[in-house]
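FYI, it's all coordinate maths here, none of it is from the lab. Not measured: the values here are computed from a predicted model. Cβ sites come from the backbone with ideal geometry, for glycine too, and all protein chains shown count toward neighbours.
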Amino acid sequence: MPKTVSNSSPIIHLAKIGKLDLLRGLSGDLLIPPAVYEECIVEGRQRPDVEIIKKAARWLKVQKPQDRNLIKLLCREIDNGEAEAIALALELNADLLLLDDAEAREKARIYDIPVTGTLGILLRAKYAGEINSLRHIFLRLAKTGFWVDEKLIHRLLKEAGED
């Protein structure tokens, strides 16, 4: 079964737009490190979307990465959740790592870890017929405070046949 590891950002943003279930289609279980669980559930307990994430916790599996040295090294430049997610993906030889932060994605690519983010998940869902309009979803996402370059949005809409 494919292994997918996620950082908090895709989980939080997809929950905010009611599309967290799209992550279930990526693999049977979605693996998250403890720092991501902490950020999504514990630190996020005041956010309205935390209940959606708590329900998903049934199929979100928390797994602790073992390589503390790698995590320390990565934490010099990226957040702890991103560092733990990269370390866990590397240890598990994950098929996919979900990250939105550009610097964290760059670090993951150094280790040859396949990476996608919230927008990539939405594009895959469009191709799979799970969502009808990326444009509509992107507008909802923007209202949550998710920032993305306008040129990238136009490129993705064109790629999805919505230009």
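Each pair of Cα atoms in the chain enters the Kirkwood radius, and Stokes-Einstein at 4 °C and 1.567 mPa s then converts it into a translational diffusion coefficient of 81 µm²/s. By the count of neighbouring beta-carbon atoms within 10 Å, fewest first, Tyr127, Tyr37 end up ordered Tyr127, Tyr37. Number of Lys-Lys pairs in segment 39-163 with C-alpha atoms under 25 Å apart and a separation of 8 or more places or on different chains: 16. Taking 0.36 nm per residue of separation and subtracting the current Cα-Cα distance, fully stretching the chain between Lys143 and Arg68 would add 23.3 nm.
Amide H contacts of Lys61: Leu30, Leu31, Ile32, each under 5 Å away and 5 or more positions distant or on a separate chain (H built 1.01 Å from N in the peptide plane; Pro and chain starts excluded).
Projected label points at Arg109 and His136, each 7 Å from Cα along the beta carbon direction, are separated by 3.3 nanometres.
Close amide-amide hydrogen proximity is noted between Leu96 and Lys3, Val5, each under 5 Å apart and 5 or more residues distant or on a separate chain (H modeled in the peptide plane; Pro and chain starts excluded).
Looking at the chain, do any whole DSSP H helices span at least 15 angstrom along their long axis by alpha carbon and average -1.0 or above on Kyte-Doolittle, and which? Sorted by number, the helices that extend far enough and score high enough are 80-92.
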